[in-house]
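First the structure, in the form of structure tokens, and then the observations on it.
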Amino acid sequence: MAQASPLNLTNGAQVDIGVALSKYNSKEYHHVFPRAFLKDKGIDVDKINSVCNFCFLPSDSNKKISRKAPSDYIFSLVPPLLYDRIMSSNLLPLERELYEKDDFDLFLKRRAEVVLGFLAEQAS
């Protein structure tokens with residue numbers, strides 16, 4: 001995912017992967033569908049922590065999102081004019097309905113497809 005040069009969800013700035021992966025930020029890896037949001041819905045922890053539910057995000061941006069549902073934060077924090085660019089750089093599906101409906105199962109499926117497509121492209 002780091003190979004895709006991810007952009008910060010909240011402002012479109014380049015994410016410093018070294019900082020995002022540092023020990024200091026070890027508790028700041030961003031769950032696209034936040035852990036607390038999914039726990040409140042009774043989703044199993046193993047599913048919540050699927051690699052497909054993570055993206056790189058600086059600590060300050062992660063704190064802005066906190067436990068908000070994607071339907072609450074994607075469209076209020078991701079700059080609309082940069083939506084496609086930011087989401088693509090994070091290998092996130094562009095389908096707005098996934099986030100509008102907080103459809104975690106379909107999100108995981110679509111995210112896996114995007115990630116696998118990226119990996120296949122890199123291998124060729």
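Nothing in this text is a laboratory measurement; each read-out follows from the coordinates by a stated rule. Because the structure is predicted, anything quoted here is derived from the model rather than measured. Cβ sites come from the backbone with ideal geometry, for glycine too, and all protein chains shown count toward neighbours.
Ordering G117, C55, P93 by the projection of their Cα atoms onto the charge dipole of the range 47-124, which places +1 on the Cβ of Lys and Arg and -1 on the Cβ of Asp and Glu, puts C55 at the extreme positive end.
Contact order normalised by length for the range 2-123, with contacts defined as Cα pairs under 8 Å and 6 or more residues apart; what percent is it? Please report the intermediate quantities before stating the final value.
Numbers: 142 pairs, mean separation 36.0, N = 122.
After rounding, I find 30 percent.
Around the Cα centre of the chain, unit charges on the Cβ atoms of Lys, Arg, Asp and Glu (plus for the first two, minus for the last two) sum to a dipole of about 360 debye.
Taking every DSSP helix (H) stretch of at least 4 residues in the chain, weighting each as -39,500 (n - 2.57) and dividing the sum by the residue count yields a mean residue ellipticity at 222 nm of -13000 deg cm²/dmol. When the chain is treated as a Gaussian network with alpha carbon springs shorter than 10 Å, the biggest mean-square fluctuation among I74, I43, I86 belongs to I43. Between D72 and K47, the simple spin-label model (points 7 angstrom out along Cα→Cβ) gives 2.1 nm. The Cα atoms of the range 2-123 define a convex hull whose projected area, averaged across directions, is 7.2 nm². Projected label points at S124 and D60, each 7 Å from Cα along the beta carbon direction, are separated by 4.0 nanometres.
Under a 10 Å cutoff between Cα atoms, tell me which one of S61, S71, S50 has the largest fluctuation in the Gaussian network model of the chain. Looking only at S61, S71, S50, the biggest GNM fluctuation is shown by S50.
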